[in-house]
Amino acid sequence: MAESNSDDKSWFAKEIAYERVVRYLSSGKLEIRIATGWFSVAGWNLIRKSIGNKNVRLIVGINEPHKRDVANAKIVIVEEIIRDLSFGIIKNRSEAVQKLVERIESNKFQIVDGRAMPHHAKIYIVDRQVAIFTSANLSKNGLKINVEGGNELFNPDEISRRVQEFDAYFANARNLTQELLEALKKWLEYSSPWEAYLKTLIALEDLNLDKKYIPPADYQLDMIAETLKQIKQHNGSMLVASTGLGKTVVATHVALHLDRSNDITNVLVLCPKLVRKSWDHELYIAGIASKSITYRALDKEEPDLDYNLRDFEELEAVIDRKWLIIIDESHFFRNSKQNAEGYKRRSFQKLLPLIQKSDCKVLLLTGSPYSKSVENLNDQLLLLPHTQPNIHTWTVSKTKDFIDLPVVSQLTTPHVAQHYGQKENDSLFIWFGTKKRYIPSVMLYKLDVPLFLESKVAEILESDFLSVLHPSNSPDAIRHEVQISCASSPGALHQALQKVVNTPSKNKKNSYDVEFKLSQAQRKQYLQPFINELEQIGYKKDTKLLVLIKLLEEIASNKEKTIIFCERRATVAYLVKALNTLLPSLKVFGTIQKKDDAYSTQSISKIQRAILKFAPTANKVKKKSKNTYSVFIATDAYGVGINLQDAAVAINYDLSWTTIEPVQRAGRILRPWIEPRTVKLYSFVPISTNSSFASIINRWQNLMNTHNESTKILDLPVLSMKSEEKIYDLSGIASKIKIRSGKLDIDALATEAVSASYYKKHASTLHKNRNEARQIKGEIISSKLYSGNKILIYVLLKYKDKYHWIVYYPGSKSKASRLENISKEQILNWLQCDRNTEKALINSKKIDRLANECIEAWCNKHNVCPDNVLRECSVYLKPKKPKDKISNLVFE
């Protein structure tokens, strides 16, 4: 306290106001009148003992024109008083509040608002004996911290006039005593563990999203938070998300957040050619400096072969820790082809040193990370930053361990359905802003179809006409090509055999780059008659095609659209021609064209126009064309990254060699949609008992094995081996065709492979209760039984607009060691509960005292003034054993 002459009637110093107020309050007998611009419980706590049992009338609130509305003024004043309670360390805080409540309830304290009147005064009148005029508010700062001025008045007549004026103001002001009483009593209430859990969840989400960009759905919001956490902790993250759930939106918001927090200044996107424009558009409207490059360029040898590689090499020199590299469809990098000398793939030779040297951040995105083995996962994980040079930190030996890595986030359609879906009749929907998007039901079909001209093709396979000289890695490559083509279509088989006859030829597109054992003349003499026969065979002998025709007729009758995926370019062209002939009423588009006996992809511009006609709703076409397509036929080049979900049916006309393709194919339509519907996924599976086709027949079983392993990550199967059978009534061939089908229970699938990540355990809880969490105002004080073995105090506080969580062990002998280093996940695991969870039997006064110790220890460690710290939540964590006893409620 500053030195002063006790005879001085005025002052201009620190703490003198406090000394004079306490002196005269103590000597008073009956009544205290106080007018102040600001009132806090901390200030009241400084003088409450000197007031004793005297009546108190209080006018509070400096006039603020924008708060003239009386109702709002009352709310603001009370809220500010309660909020101020949470700042800093107030000794005996709970006792001060309790005593103030008792004083109000005994009519010994009244408070009115002065913000709706011209009121700026700070005056303390004790009985009618003394009036203290001062600049000091009734707050800790006003009475103890700030330099304040003031003077004393003892003239009875003047004091009498001041009392009359005070009483007039008091009588005309709006009383808020009851509102304050209710607020203080609520503050004293022992909050539930559920409220503490929700308060912590929404605080630690800590997302400050840019509202100018597309607002994320709630499930995307949770994934953005999880991905950001991983990038901030490990400099990298891998997001595995079912197609259609918005990986691009999530990634763009992640980039926006990092950009706004000055963690990055630029973004490099490595992506498929088809989605490059989409990435450029999203990042442009988000206002992020970016460059997109087609990732296939990184495996090219010379920059002259691809301008994308030249762009990449120019960027290599400038990429640093302020860059974020987004690798879209990261399963493209599932095979590094590692050998004793290093990585054979040029893309890995370029990327790994760049990522390590630059210390940049990396975000991998994929909807289908698993292909044939766990090494597919590990090769992609190589592209993430690692904690130690030359040591690959992120590896797994089992698929099931992948989703539990601290750098992996998982977002699957079944999980979204279960934790975010809302029921509407028999459908599930999720909110995208103000719009509903329905999660489709799924039917899986397996169609067993006999091979085309099986015996004749087997004869060719067993002959020497497909044998080659000087075989390299695959001596049976040509036989394998013919096998695949036979399983695909007569058109593909025709092309494969024609290339055998044409070899050698200058036209490399229609011949093989091998040397056959038998001469060209011998091959032509044997194979040409069969090739000619293939040209003359009518469509009605192609059983596989007839099944497709029957399917398409049924689909068209339901006014649905269909996507057909083929492995061979020749099959795409074959089907387009066949459907135009046999189903002329259908409007069909194929991505492949035939020219000069060779097959090539149509121009990108032509295909993009066709996509807009086929799927105008999915691609947000404002003016829809009348000449739409009902069937879209493509190779797997168009099975990734494009929106085709105007269709409800996808057909795997040909099988694939990895599980990635069927997942990506299904992803074109297995997405939330504008209305409830059932998505149907068909797989044509070749069957044969001829050993010449063993590799083709085993292909399905191998594919299912890898697919089953993949679903440990993705939850959602897209291939089926269900036993239920349906037989199409095709005259003459009905006995040959078997259709096995099954309906997926998407909601149940989410429980099959749930990881222990933050997202799985906590984010969906926040989603379902986000509105309730946002309504929890002010500080929370609670207690909870938890699974640990020692008493802990958890405090959530805010300092400089950032949240900090603290865990304090009061049992430690050394104060310096009482602060515990606990992760956010561990805190949430300890707090996790439901709304029916009961409090542990601990007195709130004890919690408050220990929370003060906790905050003081944290402030000392970080050299922070406690008065600048806002306390949000305090929880006493008590071990479950020994059990609570009633004696724990005794005040200490």
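The values are calculated or read from the model by the stated rules, or taken from the named source; none is laboratory data. Predicted model, so just to flag it, every value in this text is computed and none were measured. All Cβ positions, glycine included, derive from the backbone under ideal geometry; neighbour counts span all protein chains shown. The accessibility values were calculated without ligands, DNA or RNA, using every heavy atom of the protein model including side chains. Shrake-Rupley method; radii C 1.70, N 1.55, O 1.52, S 1.80 Å.
List of remarks:
- In segment 809-842, the qualifying residues are those that are within 22 Å of the chain's Cα centre (by Cα) and either among the β-branched types (V, I, T) or modelled with pLDDT under 85 (or both), and the one that is nearest to A763 (Cα to Cα) is E825.
- Breaking point among (1) under 22 Å from L256 (Cβ atoms); (2) touching a helix residue (DSSP H, G or I) at 6+ places or on another chain (Cβ under 6 Å), for Q233: (2)
- Some residue of segment 110-125 being surrounded by 19 or more Cβ atoms within 10 Å (Cβ to Cβ), at pLDDT 85 or above, aliphatic (A, V, I, L, M) and within 30 Å of I776 (Cα to Cα): yes
- Scanning segment 190-213 for residues that are at pLDDT 90 or above and either assigned to a strand (DSSP E or B) or open to solvent by 10 Å² or more (accessible area, probe 1.4 Å) (or both) yields S192, W194, E195, K199.
- Subset of segment 683-710 that is in contact with a Leu (Cβ under 7 Å, 6 or more places away or on another chain) and over 17 Å from T659 (Cβ atoms) - its residue that is least open to solvent (accessible area, probe 1.4 Å): F693
- Checked against (1) open to solvent by less than 20 Å² (accessible area, probe 1.4 Å); (2) in contact (Cβ under 8 Å) with a residue 60 or more places away in the chain, Y526 meets all criteria but (1).
- The strands (runs of 3 or more DSSP E) found wholly in segment 426-504 and carrying at least 3 residues that are of a type outside the set (A, V, I, L, M, F, W, C) occupy 435-439, 441-450.
- Contacts under 6 angstrom Cβ, first residue in segment 623-646 being closer than 19 Å to L583 by Cα and aromatic (F, W, Y), partner at pLDDT 90 or above and surrounded by fewer than 18 Cβ atoms within 10 Å (Cβ to Cβ), 6 or more apart: Y629/K587
- Among the residues of segment 303-359, those that are open to solvent by less than 30 Å² (accessible area, probe 1.4 Å), modelled with pLDDT of 90 or more and assigned to a loop (DSSP other than H, G, I, E, B) comprise I319, E329.
- For segment 73-115, the candidate set comprises residues that are assigned to a helix (DSSP H, G or I) and of a type in the set (S, T, N, Q); within that set, the residue that is farthest from the chain's Cα centre (by Cα) is Q98.
- Segment 580-633 holds strands (runs of 3 or more DSSP E) entirely within its bounds, and those carrying 1 or more residues that are out of contact with any strand residue (DSSP E or B) (no Cβ under 6 Å at 6 or more places or on another chain), at pLDDT below 95 and open to solvent by 80 Å² or more (accessible area, probe 1.4 Å) map to 592-595.
- Contact annotation: residue pairs with Cβ atoms under 9 Å, 6 or more positions apart or on different chains, pairing a residue in segment 551-577 that is over 20 Å from L655 (Cβ atoms) with a partner that is acidic (D, E) and not in a helix (DSSP H, G or I), are K561/D646.
- Selected residue (only one of I780, I791 is closer than 30 Å to E80 by Cβ and modelled with pLDDT of 85 or more): I780
- Test set (1) part of a helix (DSSP H, G or I); (2) open to solvent by less than 20 Å² (accessible area, probe 1.4 Å) - V576 fails condition number: (2)
- Residues of segment 735-743 include at least one that is open to solvent by less than 30 Å² (accessible area, probe 1.4 Å), among the aliphatic types (A, V, I, L, M), assigned to a strand (DSSP E or B) and at pLDDT below 85.
- Of residues in segment 665-682 being touching a Ser or Thr at 6+ places or on another chain (Cβ under 6 Å) and surrounded by fewer than 23 Cβ atoms within 10 Å (Cβ to Cβ), the one nearest to S489 (Cα to Cα): T678
- Hits in segment 264-302 - residues which are open to solvent by 10 Å² or more (accessible area, probe 1.4 Å), within 16 Å of L315 (Cβ to Cβ) and part of a helix (DSSP H, G or I): R276, D280, Y295
- Residue in segment 399-406 that is surrounded by 18 or more Cβ atoms within 10 Å (Cβ to Cβ) and within 17 Å of the chain's Cα centre (by Cα) present: yes
- Selected residue [modelled with pLDDT of 85 or more, closer than 21 Å to C873 by Cα and of a type in the set (A, V, I, L, M)] from A241, A183: A183
- Candidates A492, A487, A496, A477: the one that is under 30 Å from K577 (Cα atoms), under 47 Å from the mean Cα position of the chain (by Cα), modelled with pLDDT under 90 and of a type outside the set (V, I, T) is A477.
- Residue under evaluation P216, criteria (1) part of a helix (DSSP H, G or I); (2) open to solvent by 10 Å² or more (accessible area, probe 1.4 Å), criterion not met: (1)
- Among the residues of segment 126-149, those that are part of a strand (DSSP E or B) and open to solvent by 10 Å² or more (accessible area, probe 1.4 Å) comprise F133, T134, V147, E148, G149.
- Residue count for segment 763-791 under the criterion of being farther than 19 Å from I89 by Cα, open to solvent by less than 30 Å² (accessible area, probe 1.4 Å) and assigned to a strand (DSSP E or B): the result is 3.
- In this structure, V482 does not satisfy being more than 44 Å from the chain's Cα centre (by Cα) and over 21 Å from I697 (Cα atoms).
- Residue in segment 277-296 that is of a type in the set (D, E), under 22 Å from I642 (Cβ atoms) and at pLDDT 90 or above present: yes
- Identity of the residue in segment 557-573, open to solvent by 20 Å² or more (accessible area, probe 1.4 Å) and assigned to a helix (DSSP H, G or I), that ends up nearest to N507 (Cα to Cα): R569
- Selection within segment 542-579 - small (G, A, S) and out of contact with any strand residue (DSSP E or B) (no Cβ under 8 Å at 6 or more places or on another chain): A556, S557, A578
- Any pair with Cβ under 7 angstrom, 6 or more apart, that starts in segment 44-55 at a residue that is part of a helix (DSSP H, G or I) and ends at one that is of a type in the set (K, R): L46/K140; L46/K144; R48/K99
- E152 falls short on exactly one of the conditions (1) part of a helix (DSSP H, G or I); (2) under 26 Å from N45 (Cα atoms), and that condition is (1).
- Of all residues making up segment 246-263, the number that are of a type in the set (A, V, I, L, M), surrounded by fewer than 24 Cβ atoms within 10 Å (Cβ to Cβ) and in contact (Cβ under 8 Å) with a residue 60 or more places away in the chain: 1
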